[in-house]
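> Okay, here's the structure, questions in a sec.
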Amino acid sequence: MASGRFAMAVHALAVLSRSGEGHPSAYLAVSVNTHAVFLRRILGDLVAAGLVSAREGRAGGYRLARPASAITLDAVYRAVNPDGPIAPSPAEPNASCAVGAGMSSAFAEVAEEARRGLLATLATHTIEDVALRALEIGRRGQAKRRAAGST
């Protein structure tokens with residue numbers, strides 16, 4: 001579920017990037033197609049990371065805390081997946097086994113390398129990049145659907 005949280009966070013941020021006023025969680029949840037309560041947990045992580053600001057009350061909602069072009073995807077990933085992409089085994093290896101005695105450390109080295117590679121790639125993309133690409137693809141798809149419906 002961790003990677004799903006990341007995708008939902010990016011989606012919500014991309015929607016917020018298209019509005020200076022922001023949106024309530026219910027509006028964002030409709031676009032993401034998830035329950036607003038679940039999305040609010042993700043938005044809470046983004047608020048804690050300083051990527052989003054929240055307004056309370058009747059006119060409340062969420063807005064980007066800085067320009068979409070200044071929010072890199074690695075920052076979003078770290079906000080919603082602080083433990084990284086690969087979790088260690090929940091089982092404690094048997095220390096009396098030659099492999100088991102070193103498995104936690106060996107696995108942690110590989111997991112850390114994977115985390116660094118993932119974050120390095122995500123650092124080259126911003127919320128603005130993703131939002132603009134999504135708009136481009138979405139508009140093209142809508143135009144095709146309209147054209148197909150008129151024939």
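> Could you figure out which of (1) open to solvent by less than 70 Å² (accessible area, probe 1.4 Å); (2) closer than 19 Å to Thr126 by Cβ isn't true of Arg78?
The failed condition is (1).
This table checks each residue for (1) without any contact (Cβ under 8 Å) to a residue 40 or more places away in the chain; (2) in a helix (DSSP H, G or I).
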| position | (1), (2) |
| --- | --- |
| Ser19 | no, no |
| Thr34 | yes, no |
| Leu43 | yes, yes |
| Val47 | yes, yes |
| Ala54 | yes, no |
| Arg63 | no, no |
| Pro82 | yes, no |
| Pro85 | no, no |
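> Continuing with the same structure: Just give me the residues in segment 8-23 being at pLDDT 90 or above and open to solvent by 60 Å² or more (accessible area, probe 1.4 Å), in sequence order.
Residues satisfying the conditions are His11, Arg18.
> Can you tell me which residue in segment 37-66 is farthest from the chain's Cα centre (by Cα), limited to those that are under 19 Å from Ala79 (Cβ atoms) and open to solvent by less than 30 Å² (accessible area, probe 1.4 Å)?
Among them, the one singled out is Gly61.
> Then there is this: Restricting attention to segment 98-124, which residues are in a loop (DSSP other than H, G, I, E, B) and either at pLDDT below 95 or open to solvent by 80 Å² or more (accessible area, probe 1.4 Å) (or both)?
So the first thing to find is which residues in segment 98-124 are in a loop (DSSP other than H, G, I, E, B), and the list is 123-124.
Matches in segment 98-124: Thr124 only.
> Could you check segment 111-151 and list, in sequence order, the residues that are hydrophobic (A, V, I, L, M, F, W, C) and over 23 Å from the mean Cα position of the chain (by Cα)? Please lay out each step first, then the result.
So in segment 111-151, the residues hydrophobic (A, V, I, L, M, F, W, C) come out as 111, 114, 118-120, 122-123, 127, 130-132, 134-135, 137, 143, 147-148.
Across segment 111-151, the qualifying residues are Ala143, Ala147, Ala148.
> Right, Arg5: out of contact with any strand residue (DSSP E or B) (no Cβ under 9 Å at 6 or more places or on another chain), of a type outside the set (Phe, Trp, Tyr) and assigned to a helix (DSSP H, G or I) or not? Full working, then the answer.
Values: out of contact with any strand residue (DSSP E or B) (no Cβ under 9 Å at 6 or more places or on another chain): yes; of a type outside the set (Phe, Trp, Tyr): yes; assigned to a helix (DSSP H, G or I): yes.
Yes, satisfied.
The values are calculated or read from the model by the stated rules, or taken from the named source; none is laboratory data. Everything numeric in this text was worked out from a predicted model, so none of it was measured. We place every Cβ from the backbone using ideal geometry, glycine too, and count neighbours over all the protein chains shown. With ligands, DNA and RNA removed, areas are computed over all heavy atoms of the protein, side chains included. Shrake-Rupley method; radii C 1.70, N 1.55, O 1.52, S 1.80 Å.
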